[in-house]
Amino acid sequence: MSNLATDPLFNENEVFISNASNQEEVFREVAESLYKKDLVTEDFINNLLEREKNYPTGIDMSVVSPKIPNIAIPHTESEFVKTRMIVPIKLTNSISFHNMIDPSKEFDVRFLFMILNDDPEGQSNILAQIMDFMARTSENELVSFFKASDPKDIYSFLNRKFMQYAKDND
Amino acid sequence: MFKILAACGAGVNSSHQIKDALETEMGNRGYDVQADAVMVKDITEDMMKNYDLFTPIAATDLGFTSDVPVVDAGPILYRMPAMAAPVYDAVEKVIKESGKG
């Protein structure tokens with residue numbers, strides 16, 4: 001497995017628009033779909049729920065710009081996934097997450113980048129690529145992107161930006 | 001060599017980003033640094049004795065006390081120089097005080 005930074009991290013068929021109203025609901029919705037496609041193991045959902053409870057993954061974007069919604073990067077230990085990709089999940093309802101770098105704090109999140117990573121030693125760090133996307137994309141583009149409600153638009157924008165930043169980093 | 005233990009919940013994403021960032025930045029600052037990335041739940045008192053610095057994502061209760069210095073490295077994850085700089089400076093301070101690196 002090469003895991004070059006420019007390898008595609010998104011799949012057009014794995015982009016979700018969720019009407020869930022809490023963490024467990026959205027995690028179960030997405031995990032069930034991923035399990036049916038053999039992208040994760042049967043225990044993925046349990047590890048996902050347990051990890052989020054003990055080691056939350058909310059990222060406060062208000063420190064970057066108050067116009068950009070907060071995100072979360074839910075993920076499991078590598079043994080519970082069978083691929084290496086990012087699953088974008090737009091939340092039509094805000095869902096509360098705890099802050100990854102200060103778990104005592106809680107805030108509303110509008111978008112999830114669920115990370116499936118069966119190769120943590122791979123050359124390119126998936127989380128670093130997500131944060132590069134958040135830090136390097138202009139505020140106007142991000143505001144527009146987070147309003148998108150068509151999975152195809154979400155996929156094409158993310159794919160284009162991630163490929164662009166990965167090439168810039170080469 | 002100065003040894004750093006980076007840790008996160010899954011040992012997959014965040015800790016590896018911290019490891020890569022600290023090795024790169026401290027290397028650029030002229031220090032000989034090696035970092036390992038692990039799951040918080042796998043850290044033992046004996047393991048910790050092999051390291052000069054512990055850099056979790058957030059304040060972490062390991063269930064035991066340790067004399068190893070701790071620098072919370074979470075802000076590095078933002079990939080923004082202004083947020084990472086205080087973490088890097090704190091790490092560099094510990095390296096200097098240790099006489100290693």
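The values are calculated or read from the model by the stated rules, or taken from the named source; none is laboratory data. None of the values given here were measured: they were computed from a predicted structure. Cβ atoms come from the backbone with ideal geometry, glycine included; neighbour counts cover every protein chain shown.
Miscellaneous remarks
- Looking across the range A:32-57, just one residue is touching a Leu at 6+ places or on another chain (Cβ under 9 Å) and surrounded by fewer than 16 Cβ atoms within 10 Å (Cβ to Cβ), and that is A:SER33.
- Conditions (1) more than 9 Å from chain B (Cβ to nearest Cβ); (2) buried (at least 17 other Cβ atoms within 10 Å of the Cβ); (3) polar (S, T, N, Q); number of the one not met by A:THR83: (2)
- Scanning the range A:20-36 for residues that are in contact (Cβ under 8 Å) with a residue 24 or more places away in the chain and over 19 Å from A:ASP108 (Cβ atoms) returns a single hit, A:LEU34.
- Residue within the range A:2-23 that is more than 20 Å from B:GLY74 (Cα to Cα) and assigned to a helix (DSSP H, G or I) present: yes
- Conditions (1) touching a Lys or Arg at 6+ places or on another chain (Cβ under 8 Å); (2) more than 22 Å from A:TYR165 (Cα to Cα); (3) of a type in the set (A, V, I, L, M); (4) within 14 Å of another protein chain (Cβ to nearest Cβ); number of the one not met by A:ILE17: (4)
- Qualifying residues in the range A:28-68 (those that are part of a loop (DSSP other than H, G, I, E, B) and of a type in the set (Asp, Glu)) - the one nearest to the chain's Cα centre (by Cα): A:ASP60
- Enumeration of residues in the range A:32-58 that are farther than 20 Å from A:ILE95 by Cβ and touching a His at 6+ places or on another chain (Cβ under 9 Å): none
- Residue ranges of helices (runs of 4 or more DSSP H) in the range B:2-101 with at least 2 members surrounded by 21 or more Cβ atoms within 10 Å (Cβ to Cβ) and more than 10 Å from chain A (Cβ to nearest Cβ): B:14-28, B:81-98
- Odd one out for A:ASP150 among (1) among the charged types (D, E, K, R); (2) more than 13 Å from the chain's Cα centre (by Cα); (3) at pLDDT below 95: (3)
- The combined condition, being modelled with pLDDT of 90 or more and either closer than 18 Å to A:ASP102 by Cα or among the small types (Gly, Ala, Ser) (or both), is fulfilled by B:ALA37.
- Applying the condition of being hydrophobic (A, V, I, L, M, F, W, C) and either in contact with a Ser or Thr (Cβ under 6 Å, 6 or more places away or on another chain) or facing another protein chain (nearest Cβ under 9 Å) (or both) to the range A:114-129 and asking which residue is surrounded by the fewest Cβ atoms within 10 Å (Cβ to Cβ) yields A:ALA128.
- Among the residues listed as A:PHE145, A:PHE111, the single one being part of a strand (DSSP E or B) and either acidic (Asp, Glu) or more than 14 Å from chain B (Cβ to nearest Cβ) (or both): A:PHE111
- Flag if A:ASN46 is of a type in the set (S, T, N, Q) and either at pLDDT 95 or above or under 14 Å from A:PHE113 (Cβ atoms) (or both): yes
- Positions within the range A:88-108 being crowded, with 17+ Cβ neighbours inside 10 Å, more than 9 Å from every other protein chain (Cβ to nearest Cβ) and either of a type in the set (Phe, Trp, Tyr) or more than 11 Å from the chain's Cα centre (by Cα) (or both), in sequence order: A:LEU91, A:ILE95, A:PHE97, A:HIS98, A:PHE107
- Single residue of the range A:131-142 satisfying the filter (without any contact (Cβ under 8 Å) to a residue 60 or more places away in the chain and more than 9 Å from chain B (Cβ to nearest Cβ)) that is farthest from B:ASN13 (Cα to Cα): A:ASN140
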